Amino acid sequence: MDRRQQKTRAAIFSAFSALLSEKPYSKITIQDIIDRANIGRSTFYAHFEAKDSLLKEMCSELFDHIIEGVMHDNVPSDAHMAPGVPDPVFCHLLQHIDANTNHVRDLLTSESSDIFLRFFKSSLDRLISSYLLKDRKPSCPVPEEFLLNHISGSFVEMVQWWVRRNMKETPEELDAYFRAVIRPLL
């Protein structure tokens with residue numbers, strides 16, 4: 001993709017993110033998006049088939065960015081699991097949500113949150129599988145597929161709970177709560 005296409009795509013994502021924070025997904029039209037992004041209709045359709053495909057691609061790009069960034073950070077092997085030390089991986093995700101990076105918080109509370117949450121959970125599955133479950137004890141009686149679903153589902157629900165409560169806890173506090181709950185499973 002050349003720079004011009006990248007700039008256009010970024011303008012569309014930015015316009016769409018801003019609109020999601022202003023009104024429900026179902027009320028956003030293609031016209032709203034192209035007006036805000038200052039592009040033509042044919043330009044929009046050259047990049048996306050429909051509003052749903054824009055949402056899916058935006059979620060995919062957002063989570064790929066966050067998850068890939070987290071997975072490639074230099075994470076110490078044992079120190080991050082010490083009591084009282086924030087887990088750099090999950091804490092990092094929570095910090096992105098706290099900072100409302102790319103309107104993550106708006107997407108979590110928007111009418112379109114179902115699609116967004118599916119991408120979030122799918123991305124978490126990849127992260128948890130490669131980060132947490134890689135060193136899982138072979139003697140664990142719980143099937144890995146069940147454990148993966150339970151941990152990622154628990155994280156998603158925790159984030160929704162946190163956002164609904166106006167994020168009273170810091171990302172570091174929430175990370176500590178999450179680790180305290182999942183540590184016995186691992």
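Just so it is clear, none of the values below were taken in a lab; they were calculated from the coordinates. Everything numeric here is computed off the predicted structure, so don't read it as measured data. Here Cβ is always computed from backbone atoms with ideal geometry, including for glycine, and neighbour counts include all displayed protein chains.
Some points to look at:
- Spin-label model, Ser21/Leu186: points 7 Å from Cα along the beta carbon direction are separated by 3.2 nm.
- Student exercise, region 1-48 dipole from Lys, Arg, Asp, Glu Cβ charges, in Debye to nearest 20: 120 debye
- In this simple spin-label model, placing a label point 7 Å from the Cα along the Cα-to-Cβ direction at both Arg165 and Thr43 gives a separation of 4.5 nm.
- For region 112-180, the square roots a ≥ b ≥ c of the C-alpha gyration tensor eigenvalues yield an a/c of 1.5 or more together with a/b not exceeding b/c, which makes the shape oblate.
- Burial order of peptide ranges 122-135, 42-55 (average beta-carbon count within 10 Å, highest first): 122-135, 42-55
- Dipole of region 106-186, positive end: most advanced residue of Gly153, Phe116, Ser139 [Cβ charges, Cα centre]: Ser139
- Taking label positions 7 Å along the Cα-Cβ direction at both Gln95 and Asp35, the computed distance is 3.9 nm, reported to one decimal.
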